[in-house]
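Below: one structure, written as structure tokens.
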Amino acid sequence: MTTSATIGLPQVEGIPQATADASPVTRKRHINWALKAVIPIAAILLNGLLLFILVSASLSAGEGHVVITIATAGAFLICIAVIMVLAVSVRRPMMELQDKIARVSLGDMDVSVSFANRNDEIGDLGRDFNDMVAQLKASLEEIQRLHQTQMSRAEHFATLGELAAGLAHEIRNPLAGIAGVIEIIGRDLPLNSPARSVIKDAKEEAMQINRILTDLLETARPKPPQFQVTDLGATAEHAVMFARQQAITKRIMIELDKGDDIPSIDHDPNQINQVLLNLLLNAIQSMDKPGSIFVTLRRDKDAVLITVADQGKGIPPENLSNIFHPFFTTKGHGTGLGLSLARRIVESHGGTITVRSEVGKGTQFVLRLPITHAGAALSS
């Protein structure tokens, strides 16, 4: 089963709009209604004209004058009657519909037309309009609910970030002291002391804690990118070089294809290197057997696409939408901050990060970075 997710919060502007142009079925219905309304009237007038001609031909001049006068008055009355019928059956519903559309455009979703109970095409139009307004109202309520949910989550994460930053700062200071003591003890131990292996493990654990605290601080208080126009291929190559040191023990190959037309782009090499290295290390950890990881760079109009694809276990569909959330992880030893920080860095560059995954076949991350970020474009 193949699943995909796109990261980046879409912005909803205004109210969802119904289709502006009538469908062919609707147009055909309106044409049929017009023909039904016009053909009977035309038939009446044509029959009246033929009858008038026949009667006039059989009468004398004086009698014909009287007939013409009567026919003219009758035609006038018929026209008035037709106009009144059209005004009642067509014009009033159209004016009401126009008024209700104007109210909907102002945000009033509690409107409905009164002619929806008619059993003709005008009634069909009214029922379609009422259904459309009901759907718009339901969509608007859903958008408002999602907005409130996102706002609540944003406030929750902001509070959590402040707590994490304070906690990381308080832990980091005594951790530095502990690491220093471990270093001193390690130097004083005899070379053949069995405790040296324990000291080595303690130092590695202290370094791991320090890395976790660093991720917490960067997640809670991200640094703004230091943009510079430089070779994106060199940034990717630097990340691949470090990842290969981790992959070699698992017999995993990392192949880099930088393309031929990749321009220098405006980015922070250190931050993008951090993003790519995180994706590569995740890819390595997802592969239980030897295989390959493919890193490709391609030009896409005014942006560059960086793809990191592995042949690992893949991500289950139920987890795919959560992988960029802070503290979400499927690893027993992970913190769930790496991908959250990666998304934040990419979005601070004006880019996007998307993911596709198929369980049992692998995962593909795609970074889209603009060649020139918005701030540089405005200042130039």
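Just one of (1) within 23 Å of His373 (Cα to Cα); (2) assigned to a strand (DSSP E or B) fails for His238. It is (2). Would you call Gln246 part of a helix (DSSP H, G or I), more than 33 Å from the chain's Cα centre (by Cα) and either surrounded by 15 or more Cβ atoms within 10 Å (Cβ to Cβ) or among the small types (Gly, Ala, Ser) (or both)? Spelling it out, Gln246 is indeed part of a helix (DSSP H, G or I), more than 33 Å from the chain's Cα centre (by Cα) and either surrounded by 15 or more Cβ atoms within 10 Å (Cβ to Cβ) or among the small types (Gly, Ala, Ser) (or both). Note on segment 94-110: residues that are more than 16 Å from Asp128 (Cβ to Cβ) and of a type outside the set (A, V, I, L, M, F, W, C) total 6. A count restricted to segment 301-316 and to residues that are more than 20 Å from Phe242 (Cα to Cα) and without any contact (Cβ under 8 Å) to a residue 60 or more places away in the chain stands at 4.
So which of Pro316, Pro326 is modelled with pLDDT of 80 or more, in the same structural domain as Ala239 (by TED's automatic domain parsing) and either over 24 Å from Ile254 (Cβ atoms) or out of contact with any Pro (no Cβ under 7 Å at 6 or more places or on another chain) (or both)? First the steps, then the outcome.
On the way: Pro326 fails: modelled with pLDDT of 80 or more.
The unique qualifying residue is Pro316.
Contact map, segment 286-300: residues that are under 12 Å from Asp310 (Cβ atoms) paired with residues that are of a type in the set (S, T, N, Q), Cβ distance under 8 Å, separation 6+ or inter-chain. Pairs shown: Ser286/Thr363; Met287/Gln311; Gly291/Gln311; Ser292/Gln311; Ile293/Gln311; Phe294/Thr307; Val295/Thr307. What pairs can you find where one residue is in segment 205-217 and outside the structural domain of Gly180 (by TED's automatic domain parsing), the other is surrounded by fewer than 15 Cβ atoms within 10 Å (Cβ to Cβ) and among the hydrophobic types (A, V, I, L, M, F, W, C), and their Cβ atoms are less than 6 Å apart, with a gap of 6+ or different chains? Within 6 Å, no pair qualifies. Condition check: at pLDDT below 70 and either closer than 28 Å to Asp215 by Cα or polar (S, T, N, Q) (or both). Does Ser112 satisfy that? So Ser112 does not fit the description; no. Of the candidates Ser193, Ser197, Ser264, the single residue that is hydroxyl-bearing (Ser, Thr, Tyr) and within 31 Å of the chain's Cα centre (by Cα) is Ser264. Out of Ile306, Ile265, one residue alone is at pLDDT 95 or above, touching a helix residue (DSSP H, G or I) at 6+ places or on another chain (Cβ under 9 Å) and either in a strand (DSSP E or B) or not aliphatic (A, V, I, L, M) (or both). It is Ile306.
The values are calculated or read from the model by the stated rules, or taken from the named source; none is laboratory data. These numbers were taken from a predicted model, which means no experiment stands behind them. Methodologically, a virtual Cβ is constructed for each residue, glycine included, from the backbone with ideal geometry; neighbour enumeration extends over all protein chains shown.
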